[in-house]
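Following: one structure in structure tokens, then a few remarks.
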Amino acid sequence: MNSELISRMVMLAICLLLAAPSPASGYGRSVEDLVGVFSISKEVKIGGSSQCFSSQESSDPLAPPRTDQAGPLSDDQAPGISGLFLDPPQISLAAPQPVNLTAHLIDDQAIWAAEADLSGPDGESITALFSSLNRSSGTARDGFYSAQILLPGNISGEWHLEKLTLVDGEGNRKILSKEELQSLGLPTTISVV
């Protein structure tokens, strides 16, 4: 009977040892190792946070939303221009009025935006933005985009379109200088008389 009692006690001791919680050091170097392996990070942005309203991407109006599209059919061609209209090409110093700029832009996928940089007679500068939201006719691939600028009414002389930057939905850019625009037969001057 003693041997039976001893074997039962040994079995009970083994069961107790197996059922007892084992230390973390048996599976990792520390409790932190185990917690680190299974921890989940969560970031919550509150509407009042400045991070919700400003980012590097949104500060550039010519930067389209980023896509991770890649492959043999990805868009790697910059957009082009088929026409440019400055209306009116001459304004009176006595009665300043807005100048309407219309660009006929083309792309194999979709136009995102364009930006016209003009310089004035005394070194002033004005930028006109042609947004994809300002398409007046056509399609995203072949459309007319409009912008409007108001030149200062106290300076006479010529304003020159120094460069025109075209951007498509994938971020492909083409920058056309004043000379390149003139070689295409496009207007680059607005006169204030």
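The values are calculated or read from the model by the stated rules, or taken from the named source; none is laboratory data. These figures come from a predicted structure and were not determined experimentally. Cβ coordinates were reconstructed from backbone atoms using ideal geometry, including for glycine residues, and neighbour counts include every protein chain displayed.
The strands (runs of 3 or more DSSP E) located wholly in segment 96-143 that include 1 or more residues which are in contact with a strand residue (DSSP E or B) (Cβ under 7 Å, 6 or more places away or on another chain) and surrounded by fewer than 16 Cβ atoms within 10 Å (Cβ to Cβ) occupy 98-106, 125-131, 135-138. Within the bounds of segment 146-157, is there any residue that is assigned to a strand (DSSP E or B), without any contact (Cβ under 8 Å) to a residue 40 or more places away in the chain and closer than 16 Å to residue 98 by Cβ? No, every residue in segment 146-157 fails to be assigned to a strand (DSSP E or B), without any contact (Cβ under 8 Å) to a residue 40 or more places away in the chain and closer than 16 Å to residue 98 by Cβ. Of all the listed residues (186, 151), the sole one being surrounded by 14 or more Cβ atoms within 10 Å (Cβ to Cβ) and either within 23 Å of the chain's Cα centre (by Cα) or within 18 Å of residue 83 (Cβ to Cβ) (or both) is 186. Scanning segment 74-106 for residues that are in the same structural domain as residue 149 (by TED's automatic domain parsing), among the hydroxyl-bearing types (Ser, Thr, Tyr) and modelled with pLDDT under 95 gives a single hit, 92.
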